[in-house]
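To keep things clear, I will list the structure first and then write my remarks on it.
The values are calculated or read from the model by the stated rules, or taken from the named source; none is laboratory data. No experiment lies behind these values; they were computed from the predicted model shown. Counting neighbours? That spans all protein chains shown, and the Cβs are built from the backbone with ideal geometry, glycine included. Heavy atoms of the whole protein, side chains included, go into the accessibility calculation; ligands, DNA and RNA do not. Shrake-Rupley method; radii C 1.70, N 1.55, O 1.52, S 1.80 Å.
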Amino acid sequence: MDHEALNLSRRKQIFTHISSYPGTYLREMEKALSLSVGDLQYHLQQLEKAELVTTLEDGRRKRYFTKEICIPDREVLSVIQLRTPRHIVLYLLDHPEARFKDLLAEFKFSKGTLSFHMKKLTNAELVVSTRIENEVSYRIKDELFMRQILTTYHAGFLDEAVNGFVDLWTEI
């Protein structure tokens, strides 16, 4: 992309990082690019003003995306950029209708921690829960869409679990 706002090498470096890691946030960029927070904030504001990047607040963080990434993709990426929800999603793709106790056994979280993550995933409408008697089971709401997201943006996760999933999914 050839845009006047990208004439500065530092700004182009930031834009390239956001392109490579959609949904990245300020502190991640600070570490990855070895820039001060103030410098980074200034350049991010300039990229936003030039309408080259856009943001999405996930409740705790402001996540950055290039304009090319559509809103539904941004919403999913803002949730699965976090390692734990991403690994839960990968598990549910391999184990549809997994029960709460199955997830507890797999991830060895406390019940409260697992409940927190499952609530986050269900509130984001990525996961659907079903209660049968005393048990709750979970499944990915739209498996095909989730597989497409993971396949399309897998390079931005730096996660061997995602790479393994993508390798397996693309062989099918």
- Query: Magnitude of the Cβ-charge dipole of the stretch 1-115, K/R +1 and D/E -1, about the Cα centre, nearest 20 debye?
  - Reply: 460
- Could you give the dipole magnitude of the stretch 1-62 about its Cα centre, charging the beta-carbon of Lys and Arg +1 and that of Asp and Glu -1, in debye to the nearest 20? 220
- Those residues of the stretch 135-152 whose amide nitrogen sits under 16 Å from the label point placed on Leu93, 7 Å along Cα→Cβ: 139-152
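Counting only protein heavy atoms and using a 1.4 Å probe, what share of the accessible area of the chain belongs to carbon plus sulfur, as a whole percent?
Ligands and nucleic acids excluded, carbon and sulfur give 48 percent.
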- The FRET efficiency for Ala105 and Thr16, from their Cβ-Cβ distance with R0 = 45 Å and rounded to 0.05, is 0.65
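Where nothing but the Cβ of Lys and Arg (+1) and of Asp and Glu (-1) is charged, how large is the charge dipole of the stretch 47-102 around its Cα centre, in debye to the nearest 20?
300
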- Message: Give me the count of lysine pairs in the chain whose alpha carbons sit under 26 angstrom apart, restricted to pairs 8 or more positions apart or on different chains.
- Response: 26
- What is the stretch 28-85 by shape, rounded, prolate or oblate, if you read a ≥ b ≥ c off the alpha carbon gyration tensor as root eigenvalues and call it rounded for a/c under 1.5, prolate for a/b larger than b/c, and oblate otherwise? oblate
- Query: What is the spread of the Cα atoms of the chain along each of their three principal axes, largest first, in whole Å?
  - Reply: 60, 36, 25
- Task: Work out how much length Ile71 to Ile132 would gain on full extension: take 0.36 nm times their residue separation and subtract the Cα-Cα distance, in nm to one decimal.
- Result: 18.6 nm
- What does the charge add up to near Arg11, with Lys and Arg as +1, Asp and Glu as -1, over the other residues with Cβ less than 12 Å from its Cβ? 0
